[in-house]
Amino acid sequence: MPFTRATVADVMTEGLITCEPSAPLRAVARLMADHHVHSVFVFDDETAELWGIVSDLDLAAAAWADVDTQTAGESAVTPLVSVLRTDDLRHAAQLMAESGVSHLAVVDPMTERPVGVVSTLDIARAVAG
């Protein structure tokens, strides 16, 4: 599918890898490595609401300090930037550029719940054709 006609649903990754805000950053790194992903969603354990995301870039930025003393909640990008799975992929790329983020939460328009993620790598694959 050409980039100019693609939707978020065409390139997104279904499903979520999650952690609680109190999760040690080293555990988040382990989740990324074990699941071969570049981001982990952070859910508020009290409200069960998605509120942030820790990307591999956030992890790298925190790693130079003491990764054992930092948590997912301290390193997560908030507020979370999201798109609908039905949104145009060009809109997703624009949101990433304007927000300075590499991952967007994909929300189902019917349930308003997160169902996956779209990343800059997904955008690159679509642009490459």
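Every number here is computed from the coordinates shown, using simple stated rules; none is lab data. As the structure is a prediction and not an experimental result, all values here were calculated from the model. Ideal geometry is used to build each Cβ from the backbone, glycine not excepted, and the neighbour counts take in all protein chains shown.
Of the residues in segment 42-85, how many are under 18 Å from Gly15 (Cα atoms), small (Gly, Ala, Ser) and either touching a Cys at 6+ places or on another chain (Cβ under 7 Å) or exposed (fewer than 14 other Cβ atoms within 10 Å of the Cβ) (or both)? Walk me through how you get there before you give the answer.
Our first condition is that a residue be under 18 Å from Gly15 (Cα atoms); within segment 42-85, this holds for 42-44, 48-56, 80-85.
Narrowing further to those that are small (Gly, Ala, Ser): 48, 52, 55, 82.
Restricting the remaining residues to those that are either touching a Cys at 6+ places or on another chain (Cβ under 7 Å) or exposed (fewer than 14 other Cβ atoms within 10 Å of the Cβ) (or both) gives 48.
Number satisfying all stated conditions: 1.
If you scan segment 45-73, which residues turn out to be without any contact (Cβ under 8 Å) to a residue 12 or more places away in the chain and not small (Gly, Ala, Ser)? The answer is Glu46, Thr47, Glu49, Trp64, Asp66, Thr69.
Out of the residues in segment 10-27 meeting the condition of being over 13 Å from the mean Cα position of the chain (by Cα) and buried (at least 18 other Cβ atoms within 10 Å of the Cβ), tell me which one is nearest to Leu80 (Cα to Cα). Selected residue: Pro21. In this structure, does Val42 turn out to be closer than 14 Å to Pro114 by Cβ, free of Cβ contacts under 8 Å to residues at least 60 places away in the same chain and within 11 Å of the chain's Cα centre (by Cα)? For Val42, the condition - closer than 14 Å to Pro114 by Cβ, free of Cβ contacts under 8 Å to residues at least 60 places away in the same chain and within 11 Å of the chain's Cα centre (by Cα) - is met. Among the residues of segment 28-37, those that are within 25 Å of Thr111 (Cβ to Cβ) and surrounded by 15 or more Cβ atoms within 10 Å (Cβ to Cβ) comprise Leu31, Val37.
Hey, which of the helices (runs of 4 or more DSSP H) in segment 17-119, taking only ones fully inside, have at least 3 residues that are touching a helix residue (DSSP H, G or I) at 6+ places or on another chain (Cβ under 7 Å)? The helices (runs of 4 or more DSSP H) meeting that bar are 25-35, 56-63, 89-99. Across segment 100-111, which residue is farthest from the chain's Cα centre (by Cα) among those that are surrounded by 13 or more Cβ atoms within 10 Å (Cβ to Cβ) and of a type outside the set (D, E, K, R)? In this case the residue turns out to be Val107.
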